[in-house]
Amino acid sequence: PLKRNPDLVIVDVDIIAKAPARLLVAGMGDALSTFYEARACRESGAITHAGGTSTIAALSLARACLDTLLAEGETALKDIKQGITSPAVEHIIEANIYLSGIGFESGGLAAAHAIHNGLTLHEECRNTLHGEKVAFATIVQLVLEKAPYEEIDQVIGFCKKIGLPVTLNDLGITSKDIDPLMMVAEASCSEDSPIWNMPFEVQAVDVLEAILAADARGQ
């Protein structure tokens, strides 16, 4: 970790808009987890990356991040594919970088990023981007915490609209072998994992079951 935060962050929207659309979508996948992880940390009273417990302001930014993605993500993707730097594109870039960045740092990480970390060990999804794995892991977190089906389906529907993974196959995991997934689940529950920020106890077998259930829901 750096000893201090940067004095200035410069974001050139025009440069980002010219990058491959997949990168913007992956950014949305990473940002998608922000509110759900911050909410879990708020409920558990976890210590955040900023060194304290979550605040009303942090949770509000995290919520604004999610609302922006759901409202403008699909439009931003269409515009960026056409080479248009629209207000929707600008808003999504702000959500991906600022709202998500401040939202996670001051709100906290939980199961979604823990499960992402586990997925990095799975050989079959080495070619998927960070945000793509986080998007699927967000669905897994929602299943793990027994979120309402409407909330889970809203996230799955959003992911499908913009091309984020909602199944293991989408991640590149085609093998039916359960052992690598168990390895993912066990790694998700390592000693220093953010999964311990969840407001209830989680075991590796719980994560495995949630991964399989999320995959089934995505299908």
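The values are calculated or read from the model by the stated rules, or taken from the named source; none is laboratory data. Everything quoted here is computed from the prediction, not taken from an experiment. Methodologically, a virtual Cβ is constructed for each residue, glycine included, from the backbone with ideal geometry; neighbour enumeration extends over all protein chains shown. Quick note on the areas: whole protein, heavy atoms, side chains included, nothing else; ligands and nucleic acids left out. Shrake-Rupley method; radii C 1.70, N 1.55, O 1.52, S 1.80 Å.
Considering all alpha-carbon pairs of the range 1-51, what whole percent are spaced by more than 11 angstrom?
Numbers: 1011 of 1275 pairs.
Summing the P(r) of the range 1-51 above 11 Å gives 79 percent of all pairs.
Pick out which of 126, 39, 63 has the largest mean-square fluctuation in a Gaussian network model of the chain, springs linking Cα atoms closer than 10 Å.
126
With +1 on the Cβ of every Lys and Arg and -1 on the Cβ of every Asp and Glu, and nothing else charged, how large is the dipole of the chain about its Cα centre, in debye rounded to the nearest 20?
Details: 16 positive and 30 negative charges, 81 e Å.
Approximately 400 debye in magnitude.
At q = 0.10, 0.15, 0.16 Å⁻¹, what log₁₀ I(q)/I(0) does a Debye calculation on the Cα points of the chain give, no solvent, two decimals?
The Cα Debye sum returns log10 ratios of -0.41, -0.94, -1.07.
Quick check for you: with a 1.4 Å probe and neighbouring chains kept, what is the accessible area per residue of the range 1-154, in Å²? Walk me through the numbers before you get to the answer.
Numbers: 7640 Å² over 154 residues.
Here the per-residue accessible area is 50 Å².
Can you list the HN-Hα couplings for the range 146-155, worked out from phi with the Karplus curve (6.51, -1.76, 1.60; θ = phi - 60°), rounded to whole Hz and with x for Gly and Pro?
6, 5, x, 4, 4, 5, 4, 5, 5, 5
Roughly how many whole Å is it from the C-alpha centroid of the range 86-122 to that of the range 129-207?
With the range 86-122 and the range 129-207 each reduced to a Cα centre, they are spaced 15 Å.
Run the quick spin-label model on residue 67 and residue 7: label points 7 Å from Cα toward the beta carbon, then report their separation in nm to one decimal.
3.5
Evaluate the charge dipole of the range 56-127 about its Cα centre and quote only its size in Debye, nearest 20, assuming +1 on the Cβ of each Lys and Arg and -1 on the Cβ of each Asp and Glu. It would help to have the intermediate numbers written out before the result.
On the way: 4 positive and 9 negative charges, 9 e Å.
Dipole of the range 56-127, to the nearest 20 debye: 40 debye.
Can you give the Rg to Rh ratio of the range 135-201, both from alpha-carbon atoms, with Rh computed by the Kirkwood formula?
Numbers: Rg = 13.3 Å, Rh = 13.4 Å.
Rg divided by Rh gives 0.99.
Please report the carbon-and-sulfur percent of the accessible area for the chain; probe 1.4 Å, protein heavy atoms only, DNA, RNA and ligands left out.
Numbers: 5850 of 10860 Å².
The nonpolar share, carbon plus sulfur, comes to 54 percent.
For the chain, set up a GNM with springs between Cα atoms under 10 Å and report which of 131, 45, 27 has the largest fluctuation.
Among 131, 45, 27, the largest mean-square fluctuation in the Gaussian network model of the chain belongs to 45.
With the Cα gyration tensor of the range 39-118 in hand, give its eigenvalues times 5 under a square root as the equivalent ellipsoid semi-axes, listed largest first in whole angstrom.
Values: eigenvalues 153, 35, 18 Å².
Listed largest to smallest, the semi-axes of the range 39-118 are 28, 13, 10 Å.
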